[in-house]
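Q: Have a look at this one.
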């Protein structure tokens, strides 16, 4: 199976869907094609169907994302004979990505960054160091591997500069989670293992 795709460049567009084009062909024909996308690889991918626009040309649309987001995506196609392939290979461990880099008159505004969480693995009081370019409002939460919110760590003002937030993980089931910060400028996340 042949899948040819030119990766999407960074964009300043945060209002219109992103068109993903690919040339997909197989001797038996193509029965279906999808674009799998996410803005947080720890939370898994969402699929959108691609449509055959003409001949071997397929296209799908990733929904518009907020400024500061990084969009990760890959293409999956299935032939009439049942063979399935992805590009890039081996997706989802490899992927294409682009940034939604909406710029202000002064500079780019990115969502707050999470510095290394410690201790990690965690059992008890855990520090989440956050750095934000500007004061913003947002929510810091602990989510499970399915993206379900397990606990809200902080909701409201996130000051400019460095700030430590804390969570007590003593009563949370052992497993792999993500600490996620959601703001108007985008979403950032970091993995946290609880023992």
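Q: Below 8 Å between Cα atoms, with a sequence gap of 6+, how large is the relative contact order for region 34-75 in percent?
A: Value for region 34-75: 49 percent.
Q: How would you order 58-67, 146-155 from highest to lowest mean count of nearby Cβ atoms within 10 Å?
A: So the order, starting with the most tightly packed, is 58-67, 146-155.
Q: For region 1-98, how big is Rg over Rh, using alpha carbon atoms and the Kirkwood form of Rh?
A: Over the Cα atoms of region 1-98, Rg/Rh equals 0.97.
Q: Over the chain, what relative contact order in percent results from Cα pairs under 8 Å that are six or more residues apart?
A: Normalised by residue count, the contact order of the chain is 20 percent.
Q: GNM on the chain, C-alpha springs below 10 Å: top fluctuator among 30, 75, 140?
A: 30
Q: Right, something else. With an 8 Å cut-off on Cα pairs and a minimum separation of 6 or more residues, tell me the relative contact order of region 139-195 in percent.
A: This gives 35 percent for region 139-195.
Q: While we're looking at this one, here's another question. Could you list, bin by bin from short to long, the percent of Cα-Cα pairs of the chain in 10 Å steps?
A: 9, 30, 28, 20, 10, 2
Q: If you don't mind, there's one more thing I want to ask. Once you sort the root eigenvalues of the Cα gyration tensor of region 83-195 as a ≥ b ≥ c, which label holds: rounded (a/c under 1.5), prolate (a/b larger than b/c) or oblate (the other case)?
A: It comes out oblate by the Cα gyration axes.
Only the coordinates and a few stated rules stand behind these numbers; no lab work does. For clarity, every value in this text was computed on a predicted model and none was experimentally measured. Every residue, glycine as well, gets a Cβ built from its backbone with ideal geometry; the counts of neighbours run over all protein chains shown.
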